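Asks: What follows is a structure written as structure tokens; I'll ask about it next.
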Amino acid sequence: MQSGGQDVAEALHGLDATTPLPRSITVDHGKKFMSRAREEWAYRQRVPLAFTRPGKPMENRYIESFNGWLRGEWLNVQQFGLLADAREKIEAW
């Protein structure tokens, strides 16, 4: 299984040439998204990483709000057989 950061790097790398790169990527210091692959992708593409301060989720309030909504309204009411099933359902959503 890949780390969250590796998944992010692969998704960003898969953007086609018509999709503009982000101006920056805001990340927290959580272990699940610490990834050399993501950092290397951002460096090669000249996309700055903006880190929130530890213990300050309000600095990334839109993402924190979305994550709470996604978990409460969608993930908690779904049943997944395997990781592949979860990925398929979230991609379809």
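Asks: Restricting to DSSP H runs of at least four residues, report the calculated mean residue ellipticity at 222 nm for the chain, -39500 (n - 2.57) per run over all residues, nearest 500 deg cm²/dmol. Show your work: numbers first, answer last.
Replies: On the way: 4 runs with 43 residues, N = 93.
After summing the helix terms and dividing by the residues of the chain, the value is -14000 deg cm²/dmol.
Asks: If each residue of separation counts as 0.36 nm, what is the full-extension length gain between Phe51 and Ser65 once their alpha-carbon separation is subtracted?
Replies: Details: separation 14, 0.36 × 14 = 5.04 nm, distance 1.75 nm.
Full-extension gain reported as 3.3 nm.
Asks: Which entry in [x] 57; [y] 65; [z] 48 is this structure's computed percent of Cα pairs over 18 Å apart?
Replies: Given [x] 57; [y] 65; [z] 48, the calculated one carries the label [x].
Asks: Something else about it: Order these peptides, 77-83, 62-68, by their mean beta-carbon neighbour count within 10 angstrom, highest first.
Replies: Top of the packing list down: 62-68, 77-83.
Rule-based calculations on the coordinates, nothing more; no lab input. None of these values were measured; they are calculated from a predicted model. Every residue, glycine among them, receives a Cβ derived from its backbone with ideal geometry; neighbour counts consider all protein chains shown.
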